[in-house]
Amino acid sequence: MSATAIEGETVEALRDLPPSAKLVAKVLEYNETLTQSELAEETLLPSRTVRYALTRLEEQDVVESRFSFTDARKRLYTLS
């Protein structure tokens, strides 16, 4: 799956998730890779809400995370 388009199986996984998770997925669709703080800034959601949304998205295998090479304290998130 390309990181620029949310495809059918991903749409199914998103269906029952909260609106915050859908918003985070949509922002990742347009920005490809972001940190949690960048997602909070882009979505205008509180950090705690973004963290919850990312957890739900990871449970559904919609997003993947990896450590940032420039700052190991941060994780980078992308669509699966």
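The values are calculated or read from the model by the stated rules, or taken from the named source; none is laboratory data. Since the model is a prediction, treat every value here as computed from it, not as a measurement. Neighbour counts run over all protein chains shown; Cβ positions are idealised from the backbone, glycine included. Surface accessibility is based on the protein's heavy atoms, side chains included, excluding ligands, DNA and RNA. Shrake-Rupley method; radii C 1.70, N 1.55, O 1.52, S 1.80 Å.
Residues that are more than 10 Å from V24 (Cβ to Cβ) and aliphatic (A, V, I, L, M) within the range 44-78 comprise L44, A72, L76, listed in sequence order.
Looking at E9, is it within 11 Å of Y77 (Cα to Cα) and either open to solvent by 20 Å² or more (accessible area, probe 1.4 Å) or not polar (S, T, N, Q) (or both)? The answer is no for E9. When residues in the range 38-63 are screened for being surrounded by 14 or more Cβ atoms within 10 Å (Cβ to Cβ), acidic (D, E) and farther than 13 Å from L23 by Cα, 2 of them pass. Residue pairs whose Cβ atoms lie under 7 Å apart, separated by 6 or more positions or on different chains, with the first residue in the range 25-38 and on the phi > 0 side of the Ramachandran plot and the second open to solvent by 20 Å² or more (accessible area, probe 1.4 Å) and assigned to a strand (DSSP E or B), are E32/T78.
Among (1) open to solvent by less than 80 Å² (accessible area, probe 1.4 Å); (2) free of Cβ contacts under 8 Å to residues at least 24 places away in the same chain; (3) not hydrophobic (A, V, I, L, M, F, W, C), there is one condition P19 misses while meeting the rest; what is its number? Just one mismatch for P19, condition (1).
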